[in-house]
1. Those residues that are under 15 Å from D390 (Cβ atoms), touching a residue at least 40 places away in the same chain (Cβ under 8 Å) and not charged (D, E, K, R), I need them from the stretch 621-637; list them, please.
2. I'd like to verify a number: residues in the stretch 381-415 that are surrounded by 12 or more Cβ atoms within 10 Å (Cβ to Cβ) and part of a helix (DSSP H, G or I), how many?
3. For the stretch 432-452, what are the residues that are assigned to a helix (DSSP H, G or I) and surrounded by fewer than 21 Cβ atoms within 10 Å (Cβ to Cβ)?
4. Is it the case that G45 is in contact (Cβ under 8 Å) with a residue 12 or more places away in the chain and either out of contact with any Gly (no Cβ under 7 Å at 6 or more places or on another chain) or assigned to a loop (DSSP other than H, G, I, E, B) (or both)?
5. May I ask you to verify whether S387 is modelled with pLDDT under 80 and under 27 Å from the mean Cα position of the chain (by Cα)?
6. With respect to the numbered conditions (1) surrounded by 13 or more Cβ atoms within 10 Å (Cβ to Cβ); (2) at pLDDT 85 or above, which one is the sole condition not fulfilled by V376?
7. Can you find a residue in the stretch 133-142 that is within 20 Å of L178 (Cβ to Cβ) and hydroxyl-bearing (S, T, Y)?
8. Mind listing whichever residues of the stretch 84-111 are out of contact with any Asp or Glu (no Cβ under 9 Å at 6 or more places or on another chain) and surrounded by fewer than 19 Cβ atoms within 10 Å (Cβ to Cβ)?
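The values are calculated or read from the model by the stated rules, or taken from the named source; none is laboratory data. This is a predicted model, so every value here is computed, not measured. We place every Cβ from the backbone using ideal geometry, glycine too, and count neighbours over all the protein chains shown.
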Amino acid sequence: MSISRNIFRVTLGLFVGGLVSAFLGYWFAEGALREKVAETRVRQGTIRAMALADLVFAEQSRAEKEKTAPGALIQFWQQRHNDVDAVRVMRLSGARLLASSFNDDLENGTPPRRLKRSEKEIYDLGQLLRANVDTNREEGNPREPEVISEELRNGRLRVSVPWFTAKNPEKAAGYVQLEVSPTITTRELAFWPVLVLALVPAFLFFIGSLILSRLVKLEHPESVLWSAMTTSVLLMIFCLLGFGNYYLIDLGQENVRFQQELAQLYTASRTSAEEGAAEFALDYETTYTNDWDVNAYRQPLRYISFDGELYIGVGTAQDTVANRLGMAFFGCSLLAIGLLVFFGLGGAARFWHIIVDYREAYIYTLPAMTGMLVLVFFPFGYGILLSFTDQTLYNTEKPLLDIWAGLNNYIEIIGDFNLIQTTEAGWSFNYQNFYWTLFITVAWTVVNVSIGVTIGLILALLLNNKNLRFKALYRGLLILPWATPNYVTALIWKGLFNREYGPINHTIQLFGGEPVAWFDSVFTSFLTGITVNGWLSFPFMMVICLGGLQSISSDMYEAARLDGANRWQQFRYITLPSLKPTLIPAVILSVVWTFNMFNVIYLVSGGEPGGSNEILITKAYKLAFQDYRYGYSAAYSTVIFLILLIYGVFQTKVSRAMESNA
């Protein structure tokens with residue numbers, strides 16, 4: 001009975017794992033093919049639009065002298081390309097529609113003409129393209145799209161690209177817009193490998209295991225489980241490899257066909273452009289570019305030469321798809337093996353019994369668990385995943401697998417030992433180095449926590465005095481810094497430290513001193529942060545310590561005084577040991593808060609001068625939202641988490657040891 005149960009479990013695990021991984025693999029393969037088709041269709045429309053933009057450039061260079069419009073050129077182009085359904089040529093100067101075959105444009109008047117108020121959308125698109133071109137030229141690193149494509153509901157594609165003039169080849173003069181019916185087609189992926197992977201291995205294993213269990217008498221029946229697990233894992237891996245290779249080969253063949261069709265289309269567009277230039281007597285050789293197969297930023301993809309040849313080869317594009325799908329299939333394999341082990345070792349059965357036995361509790365906690373999963377665990381997991389990529393502002397549209405960097409970000413962070421840099425003037429610290437920032441963060445945390453605990457404990461001892469009058473008033477006033485939002489307090493203190501108008505410098509001048517440039521020196525800038533955070537942190541420690549002091553029995557102090565103990569001895573041997581259970585959690589919490597105290601550093605000193613007073617959390621923020629290095633910043637944040645995790649584990653063990661000794 002035990003052998004049959006084990007065989008059933010492993011067979012079920014093999015079936016479920018194969019079925020889930022097969023459907024996921026099919027879904028990934030189909031999605032990759034759809035993505036490739038969409039990308040190829042955009043490339044198809046872009047090639048058409050860029051070729052026409054070349055002709056418009058040449059035509060407008062002649063039109064500046066002869067005052068002609070490209071209407072006849074547009075008709076010629078549409079006659080040569082059946083897939084081009086409509087064309088629009090717009091000039092920004094004077095908001096003129098030079099030529100168009102769009103029905104809506106023709107209903108408002110025959111081009112060339114000025115745009116009407118109802119056609120503001122056409123003009124705005126041109127302004128957007130011009131602004132994107134100007135931004136990319138000024139920054140020197142393209143991040144705004146210069147080719148705008150839009151998938152229409154009728155299956156057509158609308159592509160817009162800028163065109164330029166010979167007088168100003170760096171500034172968009174207008175744009176060309178094409179509405180095309182993409183001719184790139186694809187066939188459906190075969191579904192039968194999914195069923196083969198899910199059914200055949202499980203069936204073969206089940207029949208084979210039953211026959212083997214009847215023929216062989218085992219001294220240890222539990223060994224059947226491990227033998228079954230090993231056999232089924234090997235069988236599943238073999239099937240998954242065949243499943244993945246089948247789809248990879250299929251997709252590779254489709255990709256080759258796409259590239260060949262694009263090369264033919266490129267050649268046809270070049271031929272049409274040369275014929276159009278000859279028929280309309282255009283100086284076609286002076287066009288601004290012959291690279292038509294470009295990405296959204298008008299950067300050449302370098303897949304197709306101007307002669308229509310694949311001069312880098314199909315393998316480049318094919319390998320990108322293959323690598324992505326290969327990693328997806330590898331993940332599916334791990335998931336399948338995990339499900340097999342989960343079912344085969346009885347985990348699924350135990351999990352089901354737990355869910356059934358405690359269903360009421362899980363139903364009540366389901367909303368909270370869902371919220372934690374969506375709001376906490378998913379962002380945390382995505383941040384960890386992002387840390388292994390090279391994602392920046394300029395490649396956010398790419399899948400994570402295409403920008404996978406492995407451990408490079410962590411190696412760059414932890415392996416950068418360039419802490420001291422030498423110049424002609426001498427040596428100095430490299431304030432951008434991770435270890436300098438870590439040193440400042442540790443110093444910032446230690447000093448702030450020490451100040452907060454010390455001042456908070458002293459004030460708590462004073463407020464715990466029974467003979468002190470107006471204690472309620474003092475307590476309310478001293479807790480105000482904690483009750484005020486810390487960003488408001490930070491901005492107020494920043495104004496107080498202002499060199500020209502700050503009250504602190506005015507006070508120094510009243511006593512004959514010179515005003516201090518607080519944020520121009522590493523030490524004084526660090527001191528401003530310490531002052532502000534000390535002001536914010538002592539009320540919390542004061543409240544915690546006051547609560548702990550009031551819980552100490554007065555009989556202990558009375559007994560100590562009878563034994564001749566002075567105030568210091570009472571504080572050392574009664575107060576401090578009694579406060580440990582209260583202080584240790586508060587100190588741990590304060591360390592974590594201070595370590596990640598973003599507002600004070602960012603709002604008061606801003607990490608000045610030169611980033612020397614950045615702490616890890618503000619450095620991670622600036623890496624993400626000033627340098628736009630999202631993957632590197634995610635790795636930086638992960639390192640911060642690991643540091644705090646190690647500290648928390650260490651501090652917990654130390655506190656437990658202290659409690660056991662006590």
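1. Of the stretch 621-637, the ones under 15 Å from D390 (Cβ atoms) are 623-624, 627-636.
Retained after the next criterion (residues that are touching a residue at least 40 places away in the same chain (Cβ under 8 Å)): 628-632, 634-636.
Once the filter is applied, which keeps residues that are under 15 Å from D390 (Cβ atoms), touching a residue at least 40 places away in the same chain (Cβ under 8 Å) and not charged (D, E, K, R), the stretch 621-637 yields Y628, Y630, G631, Y632, A634, A635, Y636.
2. 16
3. Keep residues of the stretch 432-452 that are assigned to a helix (DSSP H, G or I), which gives 434-452.
Selection gives F434, Y435, W436, L438, F439, V442, A443, V446, V447, S450, I451.
4. On the way: in contact (Cβ under 8 Å) with a residue 12 or more places away in the chain: yes; either out of contact with any Gly (no Cβ under 7 Å at 6 or more places or on another chain) or assigned to a loop (DSSP other than H, G, I, E, B) (or both): yes.
It is true that G45 is in contact (Cβ under 8 Å) with a residue 12 or more places away in the chain and either out of contact with any Gly (no Cβ under 7 Å at 6 or more places or on another chain) or assigned to a loop (DSSP other than H, G, I, E, B) (or both).
5. Details: modelled with pLDDT under 80: no; under 27 Å from the mean Cα position of the chain (by Cα): yes.
No.
6. Tallying (1) surrounded by 13 or more Cβ atoms within 10 Å (Cβ to Cβ); (2) at pLDDT 85 or above, V376 fails exactly one: (1).
7. Of the stretch 133-142, the ones within 20 Å of L178 (Cβ to Cβ) are 133.
Now restrict to residues that are hydroxyl-bearing (S, T, Y): none.
No.
8. L92, S93, G94, R96, N103, L106, E107, G109, T110 - these are the residues of the stretch 84-111 that are out of contact with any Asp or Glu (no Cβ under 9 Å at 6 or more places or on another chain) and surrounded by fewer than 19 Cβ atoms within 10 Å (Cβ to Cβ).
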